Each structure stands twice: as C-alpha cells, then as structure tokens.
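Here the structure is laid out as structure tokens; the discussion comes afterwards.
The values are calculated or read from the model by the stated rules, or taken from the named source; none is laboratory data. All figures in this text were calculated on a predicted structure; none of them were measured in a lab. Using ideal geometry, Cβ is built from the backbone for each residue, glycine included, and neighbour counts are taken over all protein chains shown. Side chains are part of the model used for accessible areas, which takes the heavy atoms of the whole protein and leaves out ligands, DNA and RNA. Shrake-Rupley method; radii C 1.70, N 1.55, O 1.52, S 1.80 Å.
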There are 2 protein chains.
Amino acid sequence: MTYCVGVLLDEGLVLASDSRTNAGVDNIATFRKMSIIEKTDKHVICLLSAGNLGLTQSALSLIAEWATGKEGRLNVNKAKTMYRVARIVGQALREVYEEDGESLQRHGTEFNATFILGGQIKGERPRLFHIYSAGNFIEATPETPFFQIGETKYGKPVFDRILKQSMPLAEAAKLVLISFDSTMRSNLSVGLPIDLFCYESDSLKVAHYRQMGEADGYLSGIRRQWGEGLKRVFIDIAPPDLDG
Amino acid sequence: MTYCVGVLLDEGLVLASDSRTNAGVDNIATFRKMSIIEKTDKHVICLLSAGNLGLTQSALSLIAEWATGKEGRLNVNKAKTMYRVARIVGQALREVYEEDGESLQRHGTEFNATFILGGQIKGERPRLFHIYSAGNFIEATPETPFFQIGETKYGKPVFDRILKQSMPLAEAAKLVLISFDSTMRSNLSVGLPIDLFCYESDSLKVAHYRQMGEADGYLSGIRRQWGEGLKRVFIDIAPPDLDG
C-alpha cells in the first residue's frame, strides 16, 4: 500500500509520500514514491505515485525519456502550464496501458496507477492535480485544496477538521505528518521513511525537502504529542448519560 | 453504507450502529441496524448488521422464526452459550446464501452481509463476535476488544489510540460516539440516528439504551468539543523545520 498527500496553500504546496511497497506481506520493500523535476527559475514539478509500482515506474520512465527528446508536446521541460504537464502524465499512463493493460487483465490484475502532481511553472501560480489510472485528472480548488492517494481514509479526518488554505507551509506540513502518523498506526503497509517537500510559491526551486525515517526526532515527537493531546481532549469531555 | 461498532469491556459491552441505508445517492433511507433479544435474567443478545440490507434482514427474520420454533438447535432463546448464538447467526447467513446467493451472482451483486454479535447468557461472561458473510466468525480478545463493520477506517484511529478494556462503560460510549462523529464527517452515507446500547456485565437486562438524532445535545456537544480540542492540540505542537 501507499500513502501520498498533496496540499495547495496560499503560500505554496506541501507534498509527502511514504516509502513502503508490498506484494503480499512477505514481500515488503522501500521505494521512493516522490519524483521532482526542477529547473531553477523555470519550473518545479513534483509527482507522487500510488498503485502498481511497475506501472507508475514505467510511466515515470516514459516521462523522463520524453523530457530528453525533441517532441515538445510530450516534454515536461517545455510545458507552458501545469495543465500541460498533467496531460503529459496522463498520456504516459495511456501508453503504459497500451503496453501492459491487456496482459494484466489476462492475469486478473487491475490497472491501478495514480499520481498526485504539484508544482509551478513560471508565469503561473502553483497548481495541484490528481491523475487517475485512465489518464484523466482533476485539479485542486479552494473548496478542496488537498488530494490523497493510496490508503486515504485513516488520515482524512484531520484534514477535514483542521486544514485551511491560508495556513503557513510549516503548519500544513505538521498536519500532513499527523495524517501520516494516523495512517501508519492503522495500516502496516504504509511505512517510513516519509519524503516531505514544501514548495514556496514563486520560489521556482527546491528549497525545503527532507526525508524522515525511524530516527527522526520531530516525527517521534509529533506521534507522542498528538497521541497524548487526543487523550487529554478525550478525558476533558464529559461522558454521556447512558439512558438519554 | 453503514457504521457499527462493538466494544468488549471489563464492565460489559458498548454496541452502536448508524441508521442510513443507501442504494445509490438518490435512494437513501433510515433503517435500524441494531436488534436486541432480551429475556430478563436469562440472556441479552444484540446484533448489529452491515452489508446488503435484504440479506441481513432475511437472516434476522430466519433467526426470529427459529426462535419461536421447536428445533432447539437453532433457537437463540435456548442457546447455552454466546458461541452457540454465533453459530445460529452463521447458519442463518448460510440459509440466506442458499436462497439468494446464485441469483445475486447472476446480477453481479456481491453476497455481503456481516454482523457484530454481543451479549451475555447466564452462566457466561459477556462475549463479542464478528460474523462474516460466509457464516464463519471470530471472537474479541483482550488484545483486540472491539469490532467495526461497514465504513470502518475513518473511525478506527481513535480506538487504536485510546481504547482500553478497563474503561468504564460511559467512557467507552463517549469514545464510540467520537468514532461515529469522525466517520459521519468523512462519509455522508453514514448517518443519524445512532442506536447506542451499553450493557452492564451480569445485569442480564437492557438497562441502558438510547437513540441519538439530529437534536441530541450530547452529540452536538461532543462534535464541537472534540473538533475544538483537536485544533488546540494541533496548535500546541511546534511546526517542523522544513529543511531537516
């Protein structure tokens, strides 16, 4: 399983992914699920992936090949808007489907590959997209400024309750890490390290990236403080009258 | 969708269910998903149901018919242990499968009907079971003293963090209601009223039952206090250093 989150803020973007991949409980490995394409002062493009690792890696390889080729239409480095980048990612998924779809179907395996795409191209504001297996996509709006892919449910209530687009980057990063903590507690197939990339609007460079593993003090602190805090809130609420 | 929870405590049982049933978003109705069979001083048996309403209602009708019949083996009122009651519920599901399974399959509908069974029969301690569509079941243990059926994920993190088997009944009821609040916020197909039944060990009667709807003051209080409390805990945690 996987857990990835992208949040669109007034101040920029927060993007985070776990690193656990499993093909059954006896085959667990660590793979980065975050890819960043940076051209300082031109664009910063970040992709988070979930689903079948073979399919998402294949799509990323295609995108990388196209980025070195001459065909401008499929070259993310030549895209004028993030919308065009989303189209290229969708196109890559469709090519992978052409290649692998039928064979997967014969083996009873679902074609499951989704991406969160966030970033900024000079001349545009930062934008955030959720790209589906079919290559179609939706874009984040002020009403729904975040996307999750993979194991999304355990970590959703904290976003529903707390997230505001006006939050500072670091506050949103804290919220994202709390959401990861809730998810990792309830689903063993989501695991450390976490890749955390915070992008400041109009910086057009990768300034704030960190990887957080087992030994990360902030992560263990958040786990303790959030857990203890919830218990305090719980204790402070009066119990119900059982008879109504 | 549905959300039902059963918790096994040193002091007894807390059982709760929502009341929303939907067959697509344009066909939403209210159905109780909690059934209680009580014979004061002999036994108290509570069933919570999730899945296809036609199937669970059918199973409950069979159990009710069997309870008036002569065949002792299938009569829950004559069961000497909760294990035997669980077997009867399983048997009812299997009979419904015999009747409806093949036809559902032809229509591409999954045979989905699960129960949480909690209660006490004189001579035994209170026991809690999770009964699957196939009629097989598992029993709660001190390591895992709760079961959820239906839309289980949004409301699980609070159990993982806070639930203790040694909690007083009313505290566990509070936790169950917080779990319902998280679920209802994130999934519109789980809805009020909530049936809440708290069973005191060895009471062998239904003493504490209440139904909580829109106008319930405790429920709206918990929603506000939990939400505000989480925000306070969130604010009190320092944000991460974005650069590690």
Inverse mean reciprocal Cα-Cα distance (Kirkwood Rh) of chain B, Å: 18.9 Å
Accessible area buried, both sides summed, chains A and B with 1.4 Å probe, Å²: 4500 Å²
Nearest-first distances (nm) between copies at B:Gly221, label 7 Å from Cα via Cβ: 3.6
Chain B: calculated mean residue ellipticity at 222 nm from DSSP helix runs of at least 4, using -39500 (n - 2.57): -12000 deg cm²/dmol
Only Lys, Arg (+1) and Asp, Glu (-1) charged, at Cβ; the range B:1-129 dipole about Cα centre in debye: 560 debye
Quotient of Cα Rg and 2.2 N^0.38 Å for the protein assembly as shown, N being how many residues it contains: 1.10
Of the DSSP H helices in chain A, those whose Cα atoms cover at least 15 Å axially and whose Kyte score averages 0.5 or more: A:53-68, A:169-186
Other-copy label distances relative to B:Thr141, 7 angstrom Cα-Cβ extension, nm: 5.0
Subset of A:Lys33/A:Lys122; A:Lys231/B:Lys153; B:Lys39/B:Lys164; A:Lys33/B:Lys174; A:Lys80/A:Lys205; B:Lys156/B:Lys231 violating a 27 Å alpha-carbon distance limit: B:Lys39/B:Lys164; A:Lys33/B:Lys174
Charge dipole (debye, nearest 20) of the range B:55-102; +1 at Cβ of Lys and Arg, -1 at Cβ of Asp and Glu: 520 debye
Cβ-vector label at 7 Å, A:Thr81, separations to other copies in nm: 6.9
For B:Met167, solvent-accessible area (1.4 Å; no DNA, RNA or ligand), Å²: 20 Å²
Amide hydrogen neighbours beyond the local backbone of A:Glu11, cut-off 5 Å, H modeled: none
Average accessible area per residue (Å²) across the range A:165-227 - probe 1.4 Å, nucleic acids and ligands excluded: 35 Å²
Cβ nearest the rotation axis (A onto B), residue from chain A and distance to the nearest whole Å: A:Lys153, 2
Square roots of five times the Cα gyration tensor eigenvalues for the range B:10-154, Å: 25, 19, 14
Ranked order, B:Lys231, A:Lys122 - accessible area, probe 1.4 Å, largest first: A:Lys122, B:Lys231
Estimated FRET transfer efficiency when R0 is 35 angstrom, pair A:Asn77-B:Met1 (beta carbons, to 0.05): 0.20
Total charge dipole magnitude, the protein assembly as shown, about the Cα centre, Cβ charges on Lys, Arg, Asp, Glu only, Debye to nearest 20: 160 debye
